[in-house]
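Engineer: One structure follows; several queries about it will come next.
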Amino acid sequence: MFDEKFVTFFNTPGLLSLVGVPIVVDKADFPAIHIAAQNLAADFAKVTKGSSSPLQHVTEERDGFKLDAEACIIVGSIKASPIIRYLEQSGNFDCSKIRGKWESYKTAIVDNPFNGCHKALVIAGSDKRGATFGAYALSAQIGVSPWYWWADVVPQYHSEIYALPVTTIQGEPSVRFRGIFINDEAPALTGWVQENFGRYNVEFYKKVFELLLRLKANFLWPAMWPGYPNPGASFFTDDEENQKTAEEYGICISTSHHEPMQRMSNEWFAENTEGSWNWLTNKRNITKFFDEGVRRAKGCESYFTLGMRGEYDKKMVTDDPAAVVRDVIQTQRKIIKDVHGCEDAVPQLLALYKEVQQQYDSGRLEVPDDVTLLFADDNFGTIRRLPHGEEAERKGGAGIYYHFEYVGHPRSYKWTNSNSLGKTWQQLQEAHRRGARQIWIFNVGDIKPLEIPLTFAMALAWDIGSIKADNFTHFFATMAEREFGAELSTEVGVAMHEHDRLVSLRKHEHIETDTFSLLHYSEAEHVLGRWKALLDAAEDIHKRAPETHRPSVFQLVLSPIKSSYIFIALQIALGRNQLYARQRRNFANTLAQQVLDLFEADFSLSEDYHALLNGKWNHIMMQPHYGFGDTWHAPSRDMISGLCYVQRRQNSNPIAGQMGIAVEGHEGVRPGRCNEESDRTHPSRRDLVPGLTLGNMTHYGPESRWFDVYTRGSPSIHWTATAPCSWIKLSAASGTLIPGQEDARVEITIEWGQVPADFNEKVLIDIRSTEGDFEQVHLPILGRQVPETFSGFVEADGYISIPASSCNFAPSYRFLPEVGRSSTGSLALNPSSGHALCHLTYDTYFFTKSPTFEVLLYFNMTLDIDPSNPMTYDILVDDKLQTHRLVHESKKDGELPEGWAEAVQDCVWVKKHMFLGDKFEPGTHTIQVKLKHSNLLLEKLVVDLGGVKESYLGPPPSFRARMM
């Protein structure tokens, strides 16, 4: 994230002190460099808590330049700074390694740069942005975060700052144009802008431009959504200074995928009250509209978006949209030629978004070679297409349009950060490797609260190798240290990292009451427990942070974690409330109140955000996020539904009894009270109620099972539980339940060393109350064991679950620890490996013989990115081979693959492969998987021998036996 270090805060003899020295910029240099130098001067004041370093200009005299200062900092570009040219000509500074490069810079200590000046730190850029990035790199290294204003990060105080006696060279960037799309910005950002700036004017955009440059970005699609209640944003007409100032700062302005030729959609609807956005019926007026955009942008660095979509960013309503787009592009190219002299005089892109990609893939769009092909993701972070074949050699190159937020099908996500950086890393690496290096544009919605993914993406865009697959810890720790100092950096980095891993499970807006299982694998409890532990850590960090740092800690650490915890806790509590009400538990009402309390806590947290720093961030984070219902669109106001209540004052009827028992894995309860005597005289009754039968317990897991004892009426319940064998341990053997208070959960464990070797029986655990209730929980205990010579994964309760990474894989594969929904990561082909493809091999042991069984492969969500090479894989069980394709094209033209809407929310493809069980006897079996594409990301394998239960994440890893 940081370039090579050239600054230190510790003095050793001979180092150049930078505190208070003048910052020298030539008057002839680019405005962007002057702006960066001014900000650098102010940054020194922030760090040293002193006055700004003086900004000075020097004039070339007959015998050279003169500066009456012991030392200085010189910032300039090779192209426009006479100072840099003078230093090079005098032999003091060599620019050969950056000359002619794109956005590169060099730093070095120079002795006697001018008459009267003995030493200087020189920052020389190959061009205007190279020098600008060099100046902001110095700001970052002295401790000023790019987010100092946008997230109120207070720099660490340093009284001494020194330049190291090193020469550094940075650049060229991995991606030529790197930037953001401010999109879907109402109601939050628009409300904030209107309150603080009146409209999307130049004062607002100065803040955006500076942030981009500090992040080493250079590209912008401006805000463009309709406003509420005022007219929508329009960069070019909201303030006539916007475009001019972007040029001064050094930001290349483009327009979004459906806003061609430097015109905003809101301009069209504001200016054209007659005539629709329809090329076939209104070509003349639309052509004039395009022409005005090109002429208005002349003299400013621009990237012209070509093509056209239908009105309001929808498909065109026409029989032959590809023919229409061809005609549109031809007309647009003629306009560019008329204004600039030739068709390729200015950079141009064609966004292959949604149906436009299908038009291009059909071969019916003739895209000139100099036009950049901008490929898109599926709006949820999975890239749909990348260059292949000759496309990688196009003069205009290729790029990607990538979403960190989205409004649309199957469900919008724009409230908070729910992006998996592991997935982002893998997709961006694949894009860069396949030649999409001209433009990376990220849809960041309101900018806040996407500080972390935006920082991450821009770090990779600047240097694709700066973040390693197995060292995200370094990224988080480095960012944390820059924002909060060394004292908190480790804890903050760990918290940021865990937050990223947890949001990798599923986007918040896609989580419902039944997403995480309340009945199987303790799934909901584990997920909520991780969030609660993370919240405790974040609150401790916030509490211990210095007062000056708490606003930034709140924004970057506590708020995203606490809001996520509240959301997940509410959904799980609401699911439990509904389940418990169906079981007629008294505690259902307590859970209903917990849901209401969490609902209020959610809004109170947003109020805390809005009150921060005397209301600086009012309106931000105001996006409603509860109550989507059956629509993809975010709700206009938060709402929860489905709260359930039971009548606590009403006792159950005498047959049902007042004590209830619920067991792991079953939603229902025993339908009817049964006394001890009737159970003895009618043993068959024990098998009438599977709802009281637990899953198998074996040597190989799970380690425990549970049942709940609860109240169903107004009396208190005094209960006891007994097991028939001393080696069956209950976490609680008795207790008193008071209606409305927490129910009793009893964990059952087995002391396997005391279990007879041949024990394979269903035992009964008695639960009775002094009030006369009696129930029995059925517990199957299987003492079966694998041979001592076996190594591998063992069936426990009708399944075997295997993390993909738990095998010895050849160098042709690589481990991606951050990719996937679990902490075990994923495996993928190593694109840089020259080894032949080989199998991933997993040894397993079956106890069950079944007519058929399934092998489920969990793949992280990816799509075919190369039309000539679809993603395929082999799966073998012993010698039975199957070959499959991961995704299949939709039967509807232009649509995403079958099953995409479910898989994109689940964040995985779960592929099921049926095998005939009569070919596989109980015992040892080998499962092998061969991945045939670098975009296949295998997370885990599950063998379903009839015991897999419904859950979101699937069964946890099975026991792995090691040969004695």
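Rule-based calculations on the coordinates, nothing more; no lab input. Values in this document were obtained by computation on a predicted structure and should not be read as measured data. Please note: Cβ atoms are built from the backbone with ideal geometry, for glycine as well, and neighbour counts cover all protein chains shown.
Engineer: Can you work out the FRET efficiency for the pair Asp313 and Cys342, with r the C-beta to C-beta distance and R0 = 35 Å, to the nearest 0.05?
Structural biologist: E(calc), rounded to 0.05, equals 0.70.
Engineer: Does the range 177-466 classify as rounded, prolate or oblate by the C-alpha gyration tensor (a ≥ b ≥ c root eigenvalues; a/c under 1.5 gives rounded; else a/b over b/c gives prolate, otherwise oblate)?
Structural biologist: Rounded shape, in that the Cα axes give a/c under 1.5.
Engineer: Further, regarding this structure: [x] 129, 103, 51; [y] 124, 70, 59; [z] 115, 68, 61: which one is Cα extents along the principal axes in Å as calculated from this entry?
Structural biologist: Entry [z].
Engineer: Right, here's the next one. Select from the range 797-879 those trypsin sites (Lys or Arg not before Pro) which occupy a DSSP coil region and have at most 13 other Cβ atoms within 10 Å, ordered by residue number.
Structural biologist: For trypsin sites (Lys or Arg not before Pro) across the range 797-879 that sit outside H, G, I, E and B with at most 13 neighbouring Cβ atoms in 10 Å, the list reads Lys849.
Engineer: Can you work out ³J(HN,Hα) from phi for every residue in the range 596-606, in order, using Karplus 6.51 cos²θ - 1.76 cosθ + 1.60 and θ = phi - 60°, giving whole Hz and x for Gly and Pro?
Structural biologist: 5, 5, 5, 4, 5, 5, 4, 5, 4, 5, 5
Engineer: Given an 8 Å cut-off on Cα distances and at least 6 residues of separation, report the relative contact order of the range 84-229 as a percent.
Structural biologist: The value is 23 percent.
Engineer: Counting pairs of alpha carbon atoms under 8 Å apart in space and at least six apart in sequence, what relative contact order in percent does the chain give?
Structural biologist: Relative contact order for the chain comes out at 9 percent.
Engineer: Okay, next question. Taking the chain as the reference, fit the longest principal axis to its C-alpha atoms, fit the long axis of helix 421-433 to the helix C-alpha atoms, and give the angle between the two in degrees, 0 to 90, nearest 10.
Structural biologist: 50 degrees
Engineer: So what J values fall out for the range 641-657 if you push phi through Karplus, 6.51 cos²θ - 1.76 cosθ + 1.60 with θ = phi - 60°, rounded to Hz, Gly and Pro as x?
Structural biologist: So the Karplus estimates, Gly and Pro as x, are 9, x, 5, 10, 9, 10, 7, 5, 7, 9, 6, 5, 5, x, 5, 6, x Hz.
Engineer: Sort Phe133, Phe599 so that the residue with the fewest other Cβ atoms within 10 Å of its own Cβ comes first and the one with the most comes last.
Structural biologist: Least to most surrounded, the residues fall as Phe599, Phe133.
Engineer: What residues qualify as long-range amide H neighbours of Gln785, i.e. H under 5 Å apart, gap of 5 or more or another chain, H built at 1.01 Å from N?
Structural biologist: For Gln785, whose amide H was placed from the backbone, there are no distant partners under 5 Å.
Engineer: Can you run phi through the Karplus equation (6.51, -1.76, 1.60; θ = phi - 60°) for the range 133-142 and list ³J(HN,Hα) in whole Hz, with x for Gly and Pro?
Structural biologist: So the J values, rounded to whole Hz, are 5, x, 5, 6, 5, 5, 4, 5, 6, 7.
Engineer: Here is a follow-up. Assuming 0.36 nm per residue, please report the length gained on full extension of the stretch Arg649 to Asp536 beyond their Cα-Cα distance.
Structural biologist: That pair, Arg649 and Asp536, stretches by 37.0 nm at full extension.
Engineer: Starting from the amide H of Ser734, placed 1.01 Å from N in the peptide plane, find each other amide H under 5 Å away whose residue is 5 or more places distant or on another chain.
Structural biologist: Ala721
Engineer: Do any chymotrypsin sites (Phe, Trp or Tyr not before Pro) in the range 298-344 lie in a DSSP loop with no more than 10 other beta carbon atoms within 10 Å, and if so, which?
Structural biologist: When the chymotrypsin sites (Phe, Trp or Tyr not before Pro) of the range 298-344 are filtered for loop state and at most 10 Cβ neighbours within 10 Å, Tyr312 remain.
Engineer: Which residues' amide hydrogens lie under 5 Å from the amide hydrogen of Phe114, considering only partners 5 or more residues apart or on another chain, with H built in the peptide plane?
Structural biologist: none
Engineer: Just to be sure I understand: if I project the alpha-carbon convex hull of the range 359-513 onto a plane and average over all orientations, what area do I get in nm²?
Structural biologist: If you wrap the Cα atoms of the range 359-513 in a convex hull and average its projections, you get 10.8 nm².
Engineer: Something else about it: Distance in nm between label sites at Thr720 and Asp369, each 7 Å beyond Cα in the beta-carbon direction?
Structural biologist: With each label placed 7 Å out from Cα toward Cβ, I get 9.1 nm.
Engineer: Per residue of the chain, what 222 nm ellipticity follows from adding -39500 (n - 2.57) for every DSSP H run with n ≥ 4, rounded to the nearest 500?
Structural biologist: Helices in the chain give a 222 nm mean residue ellipticity of -9000 deg cm²/dmol.
Engineer: Report the full-extension gain for the segment Glu203 to Asp608: residue separation times 0.36 nm, less the Cα-Cα distance, to one decimal in nm.
Structural biologist: 143.2 nm
Engineer: Still on this structure: Percentage of Cα-Cα pair distances in the range 296-451 greater than 29 Å, rounded to whole percent?
Structural biologist: Tail of the P(r) past 29 Å holds 22 percent of the pairs.
Engineer: OK, next. Name the chymotrypsin sites (Phe, Trp or Tyr not before Pro) in the range 1-42 that are in a loop by DSSP and that have at most 12 other C-beta atoms within 10 Å, would you?
Structural biologist: Filter output for the range 1-42: Phe10.
Engineer: Along Cα→Cβ, 7 Å out, is where each label goes; now give me the distance between the ones at Ser890 and Leu837 in nm to one decimal.
Structural biologist: 2.8 nm
Engineer: Just how large is the dipole of the chain about the Cα centre, in debye to the nearest 20, putting +1 at every Lys and Arg Cβ and -1 at every Asp and Glu Cβ?
Structural biologist: Magnitude of the dipole: close to 420 debye.
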